[in-house]
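Comments concern the structure below.
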Amino acid sequence: MSSDASEFDPDRIESYKFPETTYTYSERDVALYALGIGACARDAVDVDQLKFVYHEKGQKFIQVLPTFAALFSHGSLPGGLDLPGLKYDPRLLLHGQQYIELYKPLPSNACLKNIVSLAGLHDKGKAAILEIETKSYDKDSGALLCMNRTTAFLRGAGGFSKSSHPYSYSNYPKDNVPSVKIPKGQPFVVFEDCTQPSQALLYRLSGDYNPLHSDPTFAKVAGFTRPILHGLCTLGFSVRAIVKCICRGDPNLVKCISGRFLLHVYPGETLLTEMWLEGLRVIYQTKVKERSRTVLSGYVDLHGLSSSL
Ligand SMILES: CCCCCCC[C@@H](O)CC(=O)SCCNC(=O)CCNC(=O)[C@H](O)C(C)(C)COP(=O)(O)OP(=O)(O)OC[C@H]1O[C@@H](n2cnc3c(N)ncnc32)[C@H](O)[C@@H]1OP(=O)(O)O
């Protein structure tokens, strides 16, 4: 039986071969990104932050924050989520989760080859969950730099299963991304940071031009009183706090990052990132201070601990 082209068709999505893409960035992109996630916003001479936006003390290269890697996944889908068989309302799309593995320190400029594949597709009834995996290779050396797994939560697109079992496909084992349990005790450290009312307008210049973050009318249709912050901007604030407080400013201590977006953030709100240290794992949750709500939780695995900790 042939399927109707206007229907949500999980088999067509599963068999789709994503084209290989190229992503090029320069030091300017690295610095603009760092400013977009609040680096130096409170203190323009912060010794732990200046190196991400400026050649501090004559350093040869601007250093790269680990969450910069998440931009490669967004850049790897130039046509967005216009996939054969995928039917959804783009106005109802929310970023659900981001998982990043870093295999090498990120260079301050590079030309990358991105290999993209479907990592998961799940029918949750009221929503479809789509997971895209992107492996990014340095084009010159061929070295694998990082892997991103990006999860989109497509509100209203669920209910496409053809059998009584909800459809669920995954190309990775479930325990590959352990779920986080927030420890009961007091956090090891809490870092407070303010996002600016213009934060999303600045962050979007790093490549995510979704009008949900800039257009008041679009945001209302999506169910929000005004444009919301990009999930990856909130993740950037949180991991930058971890790099500052636990890695003592060394971005290359970060091995892997996992985060689930639990609630939207409005630009201008204050973020409190709470961190617990369990061996080489930092468990964190980020709250919006004004609303006392948790908006993001996850973990960051480290290669080692800073000797000054
Ligand atoms: C591929 C590339 C595309 C990515 C492009 C990104 C583009 C960006 O421009 C877009 C953005 O940045 S949007 C801003 C950031 N994201 C957000 O603000 C979303 C915040 N989260 C929410 O609102 C809710 O958690 C919400 C609405 C997500 C879920 O809440 P509920 O509806 O209450 O869900 P719930 O009933 O608790 O759970 C239903 C099933 O879904 C699973 N689930 C829940 N939250 C999830 C999340 N955040 N990510 C992934 N899965 C999630 C639950 O586990 C549950 O499944 P099951 O029943 O099997 O346990």
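Taking only protein heavy atoms and a 1.4 Å probe, what accessible area per residue, in Å², does the chain have with all protein chains in place? The partial results should precede the final answer.
On the way: 14450 Å² over 309 residues.
For the chain, the solvent-accessible area averages 47 Å² per residue.
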Tell me which aspartates and glutamates have Cα within less than 18 Å of Lys184's Cα, excluding those fewer than 8 residues away on the same chain?
Glu274, Glu278
Angle between the Cα long axis of helix 231-245 and the longest principal axis of the chain, 0 to 90 degrees, nearest 10?
30
List, in order, the whole-Hz ³J(HN,Hα) value for each residue of region 265-270 obtained from phi through the Karplus relation with A = 6.51, B = -1.76, C = 1.60 and θ = phi - 60°; use x for Gly and Pro.
10, 9, x, x, 7, 9
Diffing region 250-256: the Karplus 3J(HN,Hα) column from phi (6.51, -1.76, 1.60, θ = phi - 60°), in whole Hz with x for Gly and Pro, holds 8, x, 7, 6, 7, 9, 7
GNM on the chain, C-alpha springs below 10 Å: top fluctuator among Lys104, Lys51, Lys135?
Lys104
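Please work out how much length the chain gains when fully extended from Lys104 to Leu35, using 0.36 nm per residue of separation minus the C-alpha to C-alpha distance, in nm with one decimal. Please report the intermediate quantities before stating the final value.
On the way: separation 69, 0.36 × 69 = 24.84 nm, distance 2.28 nm.
Difference between extended and current length: 22.6 nm.
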Run through every distinct alpha carbon pair of the chain and return the Kirkwood hydrodynamic radius in angstroms, one decimal place.
20.1
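Please work out how much length the chain gains when fully extended from Ser161 to Asn176, using 0.36 nm per residue of separation minus the C-alpha to C-alpha distance, in nm with one decimal. Mind dumping the intermediate values first?
Numbers: separation 15, 0.36 × 15 = 5.40 nm, distance 2.49 nm.
Roughly 2.9 nm would be gained on extension.
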The pairs in Lys126/Lys174; Lys87/Lys181; Lys104/Lys139; Lys87/Lys126; Lys135/Lys287 lying past 24 Å Cα-Cα in this model are Lys87/Lys181; Lys135/Lys287
Once fully extended, how much extra length lies between Lys87 and His303, figured as 0.36 nm per residue of separation less the alpha-carbon to alpha-carbon distance?
73.7 nm
Of the residues Gln196, Gln97, Gln285, which exhibits the maximal mean-square fluctuation in a Gaussian network model of the chain defined by a 10 Å Cα contact cut-off?
Gln196
For the pair Lys139/Leu263, report the inter-label distance in nm, with labels modelled 7 Å from Cα in the Cβ direction.
4.4
Given the options Gly231, Gly279, Gly75, state which has the largest fluctuation in a GNM of the chain using a 10 Å cut-off (strictly under) for Cα springs.
Gly279
Can you give me the distance in nm between label points at Lys57 and Tyr169, each placed 7 Å from the Cα along the Cα-to-Cβ direction?
5.2
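The values are calculated or read from the model by the stated rules, or taken from the named source; none is laboratory data. Computed from a prediction, not measured in an experiment: that's the story for all the values here. Here the Cβ is made from the backbone with ideal geometry for all residues, glycine too, and neighbour counts use every protein chain on show. Quick note on the areas: whole protein, heavy atoms, side chains included, nothing else; ligands and nucleic acids left out. Shrake-Rupley method; radii C 1.70, N 1.55, O 1.52, S 1.80 Å.
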